[in-house]
Amino acid sequence: GNGGQAGLTAIREELGNCTRCRLASGRIQLVFGQGDPDADLMFIGEAPGRDEDIAGEAFVGAAGQLLTKMIGAMGLSREKVFIGNIIKCRPPRNRDPEPEEMSTCGPFIRAQIKAIRPQVIITLGRIAAQDLLATDAPVGRLRGRFHTLRVDDLEIPLMPTYHPAYLLRNEGAKRPVWEDLKQVIALLKEKGIL
Ligand code: URA
């Protein structure tokens with residue numbers, strides 16, 4: 001993309017000191033997401049955890065450190081991609097977001113996608129994949145192939161993969177995740193980006 005910064009700034013201003021859902025009362029701060037406003041690759045997770053709520057930045061805790069390694073293994077860096085979440089405020093005790101929270105916050109990640117216009121999106125875990133692809137299928141059945149994400153006029157290849165927090169608990173998920181990342185690397189090379 002190009003010109004993503006103006007769009008992202010407008011979205012951040014629209015969010016403001018958001019009190020649209022009950023998560024506002026339990027958070028330290030809203031976590032907007034960060035990285036290159038014109039990134040070719042966008043990572044989308046679920047919601048901030050404790051470390052992210054404190055830092056104000058997405059994926060900075062243990063799962064985030066693993067994500068940083070994954071991005072490095074792809075030949076990229078955190079600064080060259082955009083990292084965000086479906087839900088912008090930490091759910092209490094890291095519980096799953098509720099349907100009302102998903103529908104209230106959902107328009108903002110879609111607006112961020114439209115501002116950034118990435119060439120490809122990787123969703124991390126069940127919540128992001130199921131929300132963006134409007135499906136109830138488990139990540140294990142969705143991962144391993146590209147889906148098409150449609151937001152207004154945009155059609156963006158989307159690769160669902162396991163969440164890095166799941167990877168930290170399940171060594172066995174490392175190989176499938178790397179297979180998914182390799183497919184994204186191949187697509188970026190095909191497009192002349194990597
Ligand atoms: N898990 C997520 O889904 N997002 C974060 O930002 C951190 C942990």
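Structure notes:
- For the stretch 73-162, the antiparallel share of DSSP beta bridges with both residues in that region comes to about 55%.
- Extension gain, residue 14-residue 189: 0.36 nm per intervening residue step, less the Cα-Cα distance, totals 59.5 nm.
- The stretch 1-105, accessible area per residue, ligands and nucleic acids excluded (1.4 Å, Å²): 46
- Given their separation in residues at 0.36 nm each and the Cα-Cα distance between them, residue 171 and residue 6 gain 55.3 nm when the chain is fully extended.
- Rounded percent of accessible protein surface that carbon and sulfur make up, the chain, 1.4 Å probe: 47
- Relative to the globular-protein estimate of 2.2 N^0.38 Å, the Cα radius of gyration of the stretch 84-194 stands at 1.09.
- Sites residue 79 and residue 179, calculated FRET efficiency, Cβ-Cβ separation with R0 25 Å, nearest 0.05: 0.45
- Stokes-Einstein translational diffusion, the stretch 1-86 - Kirkwood Rh over all Cα pairs, 1.306 mPa s, 10 °C, in µm²/s: 116
- Rounded to 5, the percent of DSSP beta bridges in the chain classed as antiparallel: 35
- With the Kirkwood sum run over all distinct C-alpha pairs, the stretch 43-98 has a hydrodynamic radius of 11.6 Å.
- Binning the alpha carbon pair distances of the stretch 1-41 at 10 angstrom intervals from zero yields the distribution 25, 44, 25, 5, expressed in whole percent.
- Based on the reciprocal of the average 1/r between different C-alpha atoms, the Kirkwood radius for the chain equals 16.6 Å.
The values are calculated or read from the model by the stated rules, or taken from the named source; none is laboratory data. As the structure is a computational prediction, the values presented were derived from the model and not from experiment. Here Cβ is always computed from backbone atoms with ideal geometry, including for glycine, and neighbour counts include all displayed protein chains. Quick note on the areas: whole protein, heavy atoms, side chains included, nothing else; ligands and nucleic acids left out. Shrake-Rupley method; radii C 1.70, N 1.55, O 1.52, S 1.80 Å.
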